[in-house]
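Since the structure comes first, as structure tokens, the remarks are kept for the end.
The values are calculated or read from the model by the stated rules, or taken from the named source; none is laboratory data. These figures come from a predicted structure and were not determined experimentally. Cβ sites come from the backbone with ideal geometry, for glycine too, and all protein chains shown count toward neighbours. SASA here: full protein model, heavy atoms, side chains in, ligands and nucleic acids out. Shrake-Rupley method; radii C 1.70, N 1.55, O 1.52, S 1.80 Å.
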Amino acid sequence: MDILFYTREKCKYAMTVITDDKNIAEIFQKRYFCNKISSENFALAKTCAEFEELFTKIQAELPKKSSVFCYNSGEKKAFFIESERKTVLTVDFSLPQELLPIQVLENLLYISFIPEDSVLALHGAAVAKDGKAYLLLASTTSGKSTLTAFLWKKAGYEYITDDEIFISRKDRCVLPVRKNLSLRQGGYDFLNMEFEKEYPIFDGKAHTHLIVPQEELKFPKYEIEKIVFLAGYGSEEPYFIKTQPREAFSKLLKGQLSGKNFGENVAEKYKILTELAQKSYEMRYSDLWTAEKYLKHLP
């Protein structure tokens with residue numbers, strides 16, 4: 001049995017994964033570089049009651065409050081408790097399921113995502129040029145990570161992060177909190193690039209490549225130059241236009257990694273999003289070099 005503890009930087013709570021499934025443990029370890037905890041004093045939960053007892057015992061051993069996910073492959077059941085909740089979510093994988101355990105774990109990781117009060121978190125990628133950050137926001141499977149890898153390796157941009165962007169509420173700058181770049185097989189094949197350190201991953205449904213940046217970030221924080229909503233790739237009619245502030249605000253509001261407020265200053269958050277909306281654009285690009293050209297000649 002593996003017990004993996006993931007300390008999520010700039011987040012209030014950690015995530016602990018307990019499983020006897022070696023593939024889940026390996027994927028989670030490679031994606032998040034977790035710490036391993038000794039499992040000698042713990043037994044893998046088989047029932048909801050056993051998991052509640054395990055949750056209480058393991059919290060006492062952890063350095064930080066944590067949500068806990070437990071998958072028992074023998075029982076084909078997953079159990080989950082958020083750090084501040086007492087209700088156990090149970091998923092029975094002996095019944096027909098569209099999602100695999102590792103995919104359920106990833107979904108729960110985001111559901112339990114609560115940033116620290118000092119930051120605002122957006123779903124997107126971030127690159128930088130001359131110390132200025134460019135935020136690339138788009139839905140999943142939109143080519144965001146492929147474009148990010150291209151700008152990083154081919155166009156001379158600095159890679160900051162993928163999927164999770166942390167912005168300081170104090171000065172509205174991007175903080176250098178990195179998450180490894182995840183490329184789907186199609187994007188990886190299309191780019192045909194070599195990376196210093198990478199891991200191929202198969203979660204049971206899809207092949208991806210986890211790219212681990214080796215370069216140190218140059219600055220302790222990055223002023224936001226522009227926020228770019230990616231409207232599509234491969235279009236015969238590319239464009240780069242200023243987004244109307246109200247529309248940009250709505251997209252930024254939906255693009256938060258956590259919609260939970262938990263007593264935070266919502267008015268202040270809305271003020272920050274309103275300011276960020278003034279720096280927002282929408283881009284549709286026919287190829288990767290067109291996207292780079294648009295970013296280079298931003299109005």
Per the 1/(1 + (r/R0)^6) rule, R0 = 35 Å and r from the Cβ atoms of Thr7 and Asp287, FRET efficiency to 0.05 is 0.35
Roughly how many percent of the accessible protein surface of the chain is carbon and sulfur, given a 1.4 Å probe and a whole-percent answer? 49 percent
Okay, helix-only estimate at 222 nm for the chain: each DSSP H run of n ≥ 4 adds -39500 (n - 2.57), divide by all residues, round to 500 deg cm²/dmol; what do you get? -8000 deg cm²/dmol
Once label points are set 7 Å from the Cα along Cα→Cβ at both Lys242 and Leu100, what is their separation, rounded to one decimal in nm? 4.7 nm
Relative contact order (%) - criterion: Cα under 8 Å, at least six apart; region: segment 163-286: 28 percent
Which FRET efficiency value, to the nearest 0.05, do you get for Tyr270 and His207 by plugging their Cβ-Cβ distance into 1/(1 + (r/R0)^6) with R0 = 30 Å? 0.15
Antiparallel DSSP beta bridges within the chain, as percent of all bridges there, nearest 5: 75 percent
For Thr161, distant residues with modelled amide H under 5 Å away: Ala126
What dipole magnitude, in Debye to the nearest 20, does the chain give about its Cα centre under +1 on Lys/Arg Cβ and -1 on Asp/Glu Cβ? 860 debye
Working out 0.36 nm times the residue gap between Phe33 and Glu215, then minus their Cα-Cα distance, what length gain in nm do you get to one decimal? 63.8 nm
Amide H to amide H, which residues 5 or more places from Ser182 or on other chains are under 5 Å from it, using H placed in the peptide plane? Ile211
Over the chain, relative contact order from alpha-carbon pairs under 8 Å, at least 6 apart, %: 15 percent
Quick check: residue separation of Asn41 and Gln278 times 0.36 nm, minus the Cα distance between them. What number comes out in nm? 79.9 nm
At 7 Å along Cα-to-Cβ for each site, give me the label-to-label distance between Ser139 and Lys65 in nm. 3.4 nm
To the nearest Å², the heavy-atom accessible area per residue of the chain with 1.4 Å probe amounts to 48 Å²
Specify which residue in the list Tyr294, Ser39, Pro63 is farthest towards the positive end of the charge dipole of the chain, using unit charges on the beta carbon of Lys, Arg (+1) and Asp, Glu (-1), about the Cα centre. Tyr294
